[in-house]
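The values are calculated or read from the model by the stated rules, or taken from the named source; none is laboratory data. Quick caveat: nothing in here was measured; it's all calculated off a predicted structure. Cβ placement follows ideal geometry from the backbone for every residue including glycine, while neighbour counts extend to all protein chains displayed. When the accessible area is computed, the model is the full protein with side chains, heavy atoms only, and any ligands, DNA or RNA have been set aside. Shrake-Rupley method; radii C 1.70, N 1.55, O 1.52, S 1.80 Å.
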Amino acid sequence: MDVSFLGGPRPQRGVGVVAPFDFALDRELWRWTPADVSLHLTRTPYVPAEVSVDLARLVSEHATLREASRALVAVEPEVIAYACASGSFVDGHAGQRAVAAAIAAAARVPAVTTSGAMTEALRLLGARRVALVTPYTRSVTDALAAYLAEDGVQVTGRADLGLTRLIWRVPYRDVMDMARRAVGAERPDALFISCTNLPTYDAIPQLEAELRLPVLTANQVTMFAALRRIGAQAVGPYQALLDPAARAQWGGASEPV
């Protein structure tokens, strides 16, 4: 059968993603991805260790990330995202910049990291007081708080689960409960939910409606920043970061800057 009249397939733009070996939420990343963009994922090598500060440093070693990034070059991504929050905040802003630079040098395309994307999103929203939700142990959450403090961002409240494995199995109800505890009676400028292995997509608009503040999450900001680098828009209905009308009601910039 002649199908040449269909005129396809449509050209695709590529976003490369380097994720830790235990990343399990490929499908969630795709939900933020517009139809004319393809994601090309690769993972760092398996390490027999649980989530901790030490593991965050292991999965973000520059040699490991360079090798993973070079594995994506053949499919010609326009940008590469390092989809790991702890691996990009564990050594502060200098460490985050070094990680992005290592990936960019290896692949010869722009690179973003989850923590760099978080900073970008918070600045876009003008958020200087932030509540935190994480699935991590206290020591890993402390490292995130220190990363934020380095940029002058105050943590108004926090809630964590103390998990070291199987984070992708956490249900939305637990994420919602932690968010309520973290925000409490305070009025932060935004809530950030950390860890790219923590499911959040459907929880974001529900939490924003209930808490009356912008809700940012690790996978959301990662896709936002990566797609922004290629002039594309992440798909996230009723999410303040991605919806100019919703963003305006929280007092942030009406358009990306």
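Using the Cβ of ALA146 as centre and a radius below 15 Å, the other residues enclosed give a net charge of -2, where K and R count +1 and D and E count -1.
Residue by residue, the stretch 15-27 carries 3J(HN,Hα) couplings of 10, x, 10, 9, 10, x, 4, 9, 5, 10, 10, 3, 4 Hz when phi is fed to the Karplus relation 6.51 cos²θ - 1.76 cosθ + 1.60 (θ = phi - 60°); x denotes Gly or Pro.
For the stretch 225-230, the Karplus equation 6.51 cos²θ - 1.76 cosθ + 1.60, evaluated at θ = phi - 60°, returns couplings of 5, 4, 5, 4, 5, 9 Hz by residue, with Gly and Pro reported as x. Working from Cα pairs under 8 Å separated by at least six residues, relative contact order for the stretch 54-118 is 42 percent.
Summed over qualifying helices (DSSP H, 4 residues or more, each -39500 (n - 2.57)) and divided by its residue number, the chain shows a 222 nm mean residue ellipticity of -12000 deg cm²/dmol. Determine the shape class of the stretch 52-142: with a ≥ b ≥ c the square roots of the Cα gyration tensor eigenvalues, call it rounded for a/c under 1.5, and otherwise prolate if a/b is greater than b/c, oblate otherwise. Judged from the Cα gyration tensor, the stretch 52-142 comes out oblate (a/c at least 1.5, b/c at or above a/b).
Over all other residues within a Cβ to Cβ distance under 15 Å of LEU65, the charged ones net out to +3, with Lys and Arg as +1 and Asp and Glu as -1. Candidate values [x] 17.4, 51; [y] 17.8, 60; [z] 17.8, 65 were compared with Rg and Dmax of the Cα atoms in Å computed on the shown model; the agreeing label is [z]. Under the shape rule built on the C-alpha gyration tensor, where the axes satisfy a ≥ b ≥ c, the stretch 147-252 is rounded, since a/c falls short of 1.5. Based on protein heavy atoms only, the chain ends up with 43 Å² per residue of surface accessible to a 1.4 Å probe. For ASP22, neighbours were defined as the other residues whose beta-carbon sits under 9 Å from its Cβ, and their charges (Lys and Arg +1, Asp and Glu -1) total +2. Result for the chain in a Gaussian network model with C-alpha springs under 10 Å: among PRO205, PRO48, PRO214, the largest mean-square fluctuation is at PRO48. The distance linking the stretch 146-191 with the stretch 3-67 is 24 Å (Cα centroid to Cα centroid, whole angstrom). Residues whose amide H lies under 5 Å from that of ARG158, counting only those 5 or more places away or on a different chain, are LEU132; hydrogens are built 1.01 Å from N in the peptide plane. Amide H to amide H, with H built 1.01 Å from N, LEU41 comes under 5 Å of VAL17, counting only residues 5 or more places away or on other chains.
Based on the alpha-carbon gyration tensor of the stretch 28-81 and its eigenvalue square roots a ≥ b ≥ c, which shape applies: rounded if a/c is under 1.5, prolate if not and a/b is larger than b/c, or oblate? It comes out oblate by the Cα gyration axes.
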